[in-house]
Amino acid sequence: MGLGNGPRMTRRGALAAGLLLAAGGARAQGWPDRPIRLVVPFLAGGGGDTLSRLATGPAQARLGQSFVVENRPGAGGNVGAEVAARAAPDGYTLFYGTNGTHAINEALYPRLGFRPHEDFVPVAPLSRIVLVVLVKRDLPVETLPQLIAWLKANPGKASYGSAGNGTTGHIAAEMFRMAAGVDILHVPYRGNAAAMTDLAAGRIDLAIELIPAAFAAMQNDAVRTLAVTSATTLATHPNLPTVASVLPGFQVSAWDGIFAPTGTPAPVIERLNAAFTEGLREESVVAALRARGAEPAPAMNPDAFAAFIQAERARWGAAVRASGARLG
């Protein structure tokens, strides 16, 4: 009896799956016919917010609909991620995710209100982002070796700021602390704009921050920039040495991308991937990204982007565990 029912159940399952695919395709045919919400889990005006808006401009031109950015900061991106994860999977809510939300946080927080790899579908990568080592103007150092020497001579007296607990800047600074063998105090902020403001005002001593977030302070000479965290020097900042030239093997870079709630129709995901990938190849967009220390990510289809994220999940998770950082 059971063997006789098997083929009928298989045919029914296939029919049901076919009907679901057909329904998804039908919904996608008229998409998009209204503005698309993009949840950005960072404060307006910060580095992540700036990069998200740079990427959406050319994409919305290709889709024929505007993007409405909704800033939902907090908990290293977790607050915004929870909001987006609960949204209807209809293509009208997207999420601006990063290596923080999709590679760091599950190792850092014992409990999350969302599941990074079950609640979201990767859509398209956007950029790769280098960090810089910054100090306040009146700190008596002008080079990275001088900074490390000063920190060793003043253990526990220096403070570093970040955009918040668990953010890329936080984990990168912890990696630097361990590599350099120094003792520095972490001061978390609600967003990198606030951290940069206090660094420029001299209320904290240093930061290791994403170049897009530090861009204005660097341009205004409000802080002193000592080094970059990339493997090689940057064409846009050729005079800045790498941290690796002082601490061999040290290399940190961040990334960001677009995600959609799981269940979003595949045809919608494919259109979004094409719109963002093509938009990021525009010369004006490439120039704007590079001016802020970012590079357009290599073109990837959603499956390739998912594989990249899995590798990053392992790498950042190992860094968090080695640092001993734990929140919540």
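Each row is one residue, and each column tells you yes or no for (1) over 24 Å from residue 200 (Cβ atoms); (2) out of contact with any strand residue (DSSP E or B) (no Cβ under 6 Å at 6 or more places or on another chain).
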position	(1), (2)
120	yes, no
126	yes, no
129	no, no
133	no, no
139	no, yes
148	no, yes
151	no, no
155	yes, yes
162	no, no
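Residue-wise test of (1) in contact with a Phe, Trp or Tyr (Cβ under 6 Å, 6 or more places away or on another chain); (2) crowded, with 20+ Cβ neighbours inside 10 Å; (3) at pLDDT below 95.
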site: 125; (1), (2), (3): yes, yes, no
site: 134; (1), (2), (3): no, yes, no
site: 141; (1), (2), (3): yes, no, no
site: 152; (1), (2), (3): no, no, no
site: 157; (1), (2), (3): no, no, no
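For the range 296-310, how many residues are within 15 Å of the chain's Cα centre (by Cα) and over 16 Å from residue 256 (Cβ atoms)?
Of all residues in the range 296-310, those within 15 Å of the chain's Cα centre (by Cα) come to 296-297, 305-306, 308-310.
From what's left, over 16 Å from residue 256 (Cβ atoms): 310.
Adding up the residues that qualify gives 1.
Show me the strands (runs of 3 or more DSSP E) found entirely inside the range 213-323 where at least 1 residues are farther than 25 Å from residue 195 by Cβ.
Details: elements: 223-228, 253-261, 294-296.
By residue number, 253-261, 294-296.
Just to be sure before I move on: is residue 132 closer than 22 Å to residue 247 by Cα and under 16 Å from the mean Cα position of the chain (by Cα) in the structure I sent? Yes; evaluated as a whole, the condition is true for this residue. Output the residues belonging to the range 256-290 that are in contact with a Ser or Thr (Cβ under 7 Å, 6 or more places away or on another chain) and among the aliphatic types (A, V, I, L, M). If the condition is that a residue be in contact with a Ser or Thr (Cβ under 7 Å, 6 or more places away or on another chain) and among the aliphatic types (A, V, I, L, M), then 289 is the only one that fits. You will find that of 72, 62, 34, 86, the residue that is modelled with pLDDT of 95 or more and touching a strand residue (DSSP E or B) at 6+ places or on another chain (Cβ under 6 Å) is 72 and no other.
Take the range 29-63 and flag every residue that is in a helix (DSSP H, G or I) and either assigned by TED's automatic domain parsing to the domain that holds residue 163 or over 29 Å from residue 170 (Cα atoms) (or both). Talk me through it step by step, then tell me what you get.
Going residue by residue through the range 29-63, those that are in a helix (DSSP H, G or I) are 29, 47-63.
Selection gives 29, 57, 58, 59, 60, 61, 62, 63.
Among the residues of the range 196-212 satisfying the criterion of being at pLDDT below 95 and in a helix (DSSP H, G or I), which is farthest from residue 323 (Cα to Cα)? Result: 212. Among the residues in the range 174-190, are any under 24 Å from residue 317 (Cβ atoms), within 18 Å of the chain's Cα centre (by Cα) and either free of Cβ contacts under 8 Å to residues at least 24 places away in the same chain or surrounded by fewer than 20 Cβ atoms within 10 Å (Cβ to Cβ) (or both)? Checked against the condition, which is being under 24 Å from residue 317 (Cβ atoms), within 18 Å of the chain's Cα centre (by Cα) and either free of Cβ contacts under 8 Å to residues at least 24 places away in the same chain or surrounded by fewer than 20 Cβ atoms within 10 Å (Cβ to Cβ) (or both), the range 174-190 yields at least one hit.
With respect to the conditions (1) more than 30 Å from residue 202 (Cβ to Cβ); (2) free of Cβ contacts under 8 Å to residues at least 24 places away in the same chain, residue 297 falls short on a single one, namely (2).
The values are calculated or read from the model by the stated rules, or taken from the named source; none is laboratory data. Predicted model, so just to flag it, every value in this text is computed and none were measured. Because the Cβ atoms are built from the backbone with ideal geometry, glycine has one as well, and the counts that use them run over all protein chains shown.
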